[in-house]
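The values are calculated or read from the model by the stated rules, or taken from the named source; none is laboratory data. On a predicted model such as this, the values are computed, not experimentally measured, just so you know. Heads up, the Cβs are rebuilt from the backbone with ideal geometry, glycines too, and the neighbour counts pull from every protein chain shown. These accessible areas exclude ligands, DNA and RNA; they are computed on the full protein's heavy atoms, side chains included. Shrake-Rupley method; radii C 1.70, N 1.55, O 1.52, S 1.80 Å.
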Amino acid sequence: MAAPSHIAFIMDGNGRWAKRRGLPRKYGHKMGTEALERTVKAAAELGVKYVTFYAFSTENWTRPQAEIDYLMDTFRDFLKKGDKYKDDNYKLVFIGNLDRFPSDIADMARSLVDRTKANDGLTVVIAMNYGSWEEITTAINSLIAEKVASVSEEDVKAALYTAGIPFPDLVVRTGGEVRLSNFLLLQSAYAELLFTDVLWPDFDKNELIRVIDEYSKRERKFGGAGGGDAEA
Ligand code: FPP
């Protein structure tokens, strides 16, 4: 099977990575940011076209304020490197409701989208304040506002934050938990799912090659019989 065009990552295990080293959780997020940057570079080198990272969920606002504040500073540092992503030919896209973030973060994110929109290399999608239930609710409300009598599947797809982005072929969750946590639930309807015990800060190019290799052994049937199996 061909390499996945779009890989989505649930970056779990930052806190445990730090705890195992007797460090505060924020060091896990710091090293997790480095893992994200490593993975972007490796994905581009391996010919992946789209990567999506679950950076902050609609439920993460319930974390202790000090951890939220640290994550906000992490996002700021990431966004300040905008020109690097522009020069590296990455196209940055954000999914989720940016309005709940401090305005400097939302403004930097929107500016980065604008500055990289003409790039044609790897598309890097960052899910921030993202949750599938919030996404579908927002989509339904925008369709209601258009006063449509009925909607098609295409109308719904076009109203999601992910409009224009192909659905993920592969969803990878690090950190050993086996769940999707409100992430791309509709978009992952026929994605291959891969769960690994590797903690996100340890994720690297070798791990990416390993998950792509595992994906290449799967048979995707999309509800069909698959494998040229004509027998009843
Ligand atoms: C889950 O691990 C991770 C998060 C909620 C935050 C992910 C954020 C980053 C990797 C920061 C980089 C993002 C950008 C866009 C710069 P956890 O803290 O729940 O880990 P645990 O399950 O071990 O406690």
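Figures for the structure shown
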item: Residues within segment 124-178 that are among the polar types (S, T, N, Q) and closer than 19 Å to HIS6 by Cβ, tallied; result: 3
item: Pairs, first closer than 18 Å to ASN119 by Cα and without any contact (Cβ under 8 Å) to a residue 24 or more places away in the chain in segment 74-99, second assigned to a helix (DSSP H, G or I) and open to solvent by less than 60 Å² (accessible area, probe 1.4 Å), C-beta under 9 Å, six or more apart; result: LYS81/GLU37
item: Filter result (open to solvent by 50 Å² or more (accessible area, probe 1.4 Å), more than 7 Å from the ligand (Cβ to nearest atom) and either in contact with a Ser or Thr (Cβ under 7 Å, 6 or more places away or on another chain) or not in a loop (DSSP other than H, G, I, E, B) (or both)) within segment 20-47; result: ARG20, LYS26, TYR27, LYS30, MET31, GLU34, GLU37, ARG38, LYS41, GLU45
item: Condition broken by SER5, with the remaining ones in (1) more than 7 Å from the ligand (Cβ to nearest atom); (2) under 21 Å from GLU67 (Cα atoms) satisfied; result: (2)
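Here's the yes/no breakdown for (1) open to solvent by less than 20 Å² (accessible area, probe 1.4 Å); (2) farther than 20 Å from THR39 by Cβ; (3) part of a helix (DSSP H, G or I):
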residue: ASP77; (1), (2), (3): no, no, yes
residue: LYS84; (1), (2), (3): no, no, yes
residue: ASN89; (1), (2), (3): no, no, no
residue: ASP99; (1), (2), (3): no, yes, yes
residue: ASP104; (1), (2), (3): no, yes, yes
residue: SER111; (1), (2), (3): no, yes, yes
